[in-house]
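Below you'll find the structure, written out as structure tokens, and then a few comments.
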There are 2 protein chains.
Amino acid sequence: MNKRSCALVVVGNEILSGKIQDSNAWFAAREFRKAGVALERIAVVPDELDTIADEVRYCAARFDFVITSGGVGPTHDDLTIEGVARAFGRKLTLSEELAAIINQHSAGKPNPARLKMAEIPEGAILNHASDIWFPTVQLDNVYILPGVPQLFEPKLLMLANRFRSDPYFMRAIYTSAGESMIAAHLNDCLAKFPQLMLGSYPKFDDSDYRVKLTLESKDRDYLQRAFDHLMNMLPADAVIRSE
Amino acid sequence: MNKRSCALVVVGNEILSGKIQDSNAWFAAREFRKAGVALERIAVVPDELDTIADEVRYCAARFDFVITSGGVGPTHDDLTIEGVARAFGRKLTLSEELAAIINQHSAGKPNPARLKMAEIPEGAILNHASDIWFPTVQLDNVYILPGVPQLFEPKLLMLANRFRSDPYFMRAIYTSAGESMIAAHLNDCLAKFPQLMLGSYPKFDDSDYRVKLTLESKDRDYLQRAFDHLMNMLPADAVIRSE
């Protein structure tokens, strides 16, 4: 089964200081899952050049591709593009193409701050899409997205679609037994189906169940066999329902 | 001014796969800020022993303290305690004290799965609090918290209080001018007040302003001087209001 792995690097003091609740990570997690892409890491880092560079370098070496969110713009705290360049040991260079696009879409005269947004890492590519005028800057396997959700989300959807992979299949079992009582059965199931993605989520509110088990795989038959095996092992009166 | 730095490591496939929206990071960011603690990193990692260990080791070496969220419990996907032990090169050992607490609060007979929760890293400390019976396991500067928000939040508040530090002060300026038009003034302000935490947040919805500037410092006088300096530089008609 085809699997693509990715990481998301969220850049922004405003999130770490609790001024703004990030919604881009939650959006990306759901959309990548729907697209069969494995999001394997989310990191939120401050507006610091070396910290951004370190995290991007770490992720770019380990995952098929990396998305950054935020830190793109004309002011002092917009350091993501320079951070990505530093991660790859590249310099920034003025993109004439991007400068022309920016001038075309800006009121008033060009100024140095606006021109800063036309600087991209050496070797970077501009990805154009019809609906958002500002292109997505790509360096190697890193895609630099803006943090504003109205801009992040359509760009993320385009990337999820580009990297679309074999879908995940999921079944769920809701139990009246607590985790301690079923843990041995879960271990047994994983011993027989080591490729199964098996999650166990206890509920402490007034739900009608105590634990939700999720079984996932990209192989539908494998999932069905694992599901049947686990259902056979669990005491009948411990299972409230399954999906 | 006293500054404490910290990092949050969120453990859980359910967050990376978009099944659950994490709320603990957002809660921790706000509460640490109120307590004057600098949250400088958030990482969300999967239920994998080495990945947890790598991230915890990275954070424990760089920040005053580290909080983990999630991955605590009796099942196969609860790997945080072992991951933290591995980060410090420690073995797991059965805590007689914790085993007694768990048995005291559990219905039915002890079983191996439940006893797994009494295993803690060698050298770990148990932090007790009256309102939640399960103690917080601490190894060196790492505090292991459960992922369930009803349990995470009261434990986080206790830690925020324990590490309480000098408060942050904040002023805000709302401008009608876009970021490109004020970027030079922001750079000038930072050149004169390099310790100022200065954020610039453009709005793309129908707010009555285009950019919100936040000025922060733990030094109230320094903040006031930086605020006055920036207000003097910004064109009067560019400022809609300040706070």
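Of all residues in region A:186-196, count the ones that are at the interface with another protein chain (Cβ under 7 Å from one of its Cβ atoms) and open to solvent by 50 Å² or more (accessible area, probe 1.4 Å). Full working, then the answer.
Step one: filter region A:186-196 for residues at the interface with another protein chain (Cβ under 7 Å from one of its Cβ atoms), giving A:186-187, A:190.
Pick out the ones that are also open to solvent by 50 Å² or more (accessible area, probe 1.4 Å) and you get A:187.
The number of residues fulfilling the criteria is 1.
Being farther than 16 Å from B:Glu179 by Cα and in a loop (DSSP other than H, G, I, E, B) is the filter; apply it to region A:59-82 and report the residue that is most open to solvent (accessible area, probe 1.4 Å).
Our first condition is that a residue be farther than 16 Å from B:Glu179 by Cα; within region A:59-82, this holds for A:59-69, A:80-82.
Next cut, in a loop (DSSP other than H, G, I, E, B) only: A:63-64.
Details: A:Phe63: 28, A:Asp64: 79 Å².
The extreme case among them is A:Asp64.
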Neighbours by Cβ (under 9 Å, 6+ apart or cross-chain): first from region B:222-237, assigned by TED's automatic domain parsing to the domain that holds B:Ile173 and in contact (Cβ under 8 Å) with a residue 60 or more places away in the chain; second open to solvent by less than 70 Å² (accessible area, probe 1.4 Å) and in a helix (DSSP H, G or I): B:Leu234/B:Ile182; B:Leu234/B:His185
Any hit, region B:23-46, residues being under 19 Å from A:Glu55 (Cα atoms) and part of a loop (DSSP other than H, G, I, E, B): yes
All positions within region A:21-33 that are more than 8 Å from chain B (Cβ to nearest Cβ) and surrounded by fewer than 21 Cβ atoms within 10 Å (Cβ to Cβ): A:Ser23, A:Phe27
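What is the residue count in region B:191-232 for residues that are of a type outside the set (A, V, I, L, M), closer than 19 Å to B:Gly36 by Cβ and part of a helix (DSSP H, G or I)?
From region B:191-232, those of a type outside the set (A, V, I, L, M) are B:192-195, B:199-210, B:212, B:214, B:216-222, B:224-225, B:227-229, B:232; that's our starting set.
Next cut, closer than 19 Å to B:Gly36 by Cβ only: B:195, B:199, B:214, B:216-222, B:224.
When the remaining residues are screened for being part of a helix (DSSP H, G or I), the result is B:220-222, B:224.
Total meeting the criteria: 4.
Here is a yes/no grid of residues against (1) at pLDDT 95 or above; (2) out of contact with any helix residue (DSSP H, G or I) (no Cβ under 8 Å at 6 or more places or on another chain); (3) open to solvent by less than 40 Å² (accessible area, probe 1.4 Å); (4) under 18 Å from B:Val142 (Cα atoms):
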position: B:Arg162; (1), (2), (3), (4): no, yes, no, yes
position: B:Asp166; (1), (2), (3), (4): no, yes, no, no
position: B:Ala172; (1), (2), (3), (4): yes, yes, yes, no
position: B:Ser180; (1), (2), (3), (4): no, no, yes, no
Output for region A:126-146, where each listed residue is within 13 Å of chain B (Cβ to nearest Cβ) and at pLDDT 95 or above: none
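Looking only at residues in region A:156-185 that are among the charged types (D, E, K, R) and within 14 Å of chain B (Cβ to nearest Cβ), which one is nearest to B:Asn13 (Cα to Cα)?
Residues of region A:156-185 among the charged types (D, E, K, R): A:162, A:164, A:166, A:171, A:179.
Still in the list and also within 14 Å of chain B (Cβ to nearest Cβ): A:171, A:179.
Details: A:Arg171: 16, A:Glu179: 17 Å.
The selected residue is A:Arg171.
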Hey, A:Ala85 assigned to a helix (DSSP H, G or I), open to solvent by less than 10 Å² (accessible area, probe 1.4 Å), modelled with pLDDT of 95 or more and farther than 21 Å from A:Pro149 by Cβ or not: yes
Segments classed as strands (runs of 3 or more DSSP E), wholly inside region A:89-178, with at least 2 members that are out of contact with any His (no Cβ under 7 Å at 6 or more places or on another chain), assigned by TED's automatic domain parsing to the domain that holds A:Leu198 and under 25 Å from B:Ser17 (Cβ atoms): A:169-175
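Within region A:197-215, can you find the residues that are more than 20 Å from B:Lys109 (Cα to Cα) and either hydroxyl-bearing (Ser, Thr, Tyr) or crowded, with 18+ Cβ neighbours inside 10 Å (or both)? I'd like the intermediate steps shown before the answer.
Going through region A:197-215, the residues more than 20 Å from B:Lys109 (Cα to Cα) turn out to be A:197-201, A:203-209, A:212-215.
Of everything in region A:197-215, those that are more than 20 Å from B:Lys109 (Cα to Cα) and either hydroxyl-bearing (Ser, Thr, Tyr) or crowded, with 18+ Cβ neighbours inside 10 Å (or both) turn out to be A:Met197, A:Leu198, A:Gly199, A:Ser200, A:Tyr201, A:Ser207, A:Tyr209, A:Lys212, A:Leu213, A:Thr214, A:Leu215.
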Candidate set: region B:34-46, residues that are touching a helix residue (DSSP H, G or I) at 6+ places or on another chain (Cβ under 6 Å) and at the interface with chain A (Cβ under 8 Å from one of its Cβ atoms); chosen: the one nearest to B:Asp166 (Cα to Cα): B:Leu39
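The values are calculated or read from the model by the stated rules, or taken from the named source; none is laboratory data. Here the structure is a predicted model, which is why all the values come from computation and not from measurement. Note that we place each Cβ from the backbone using ideal geometry, even for glycine, and neighbour counts take in every protein chain shown. What goes into the accessible areas is simple: the full protein's heavy atoms, side chains included, and nothing from ligands, DNA or RNA. Shrake-Rupley method; radii C 1.70, N 1.55, O 1.52, S 1.80 Å.
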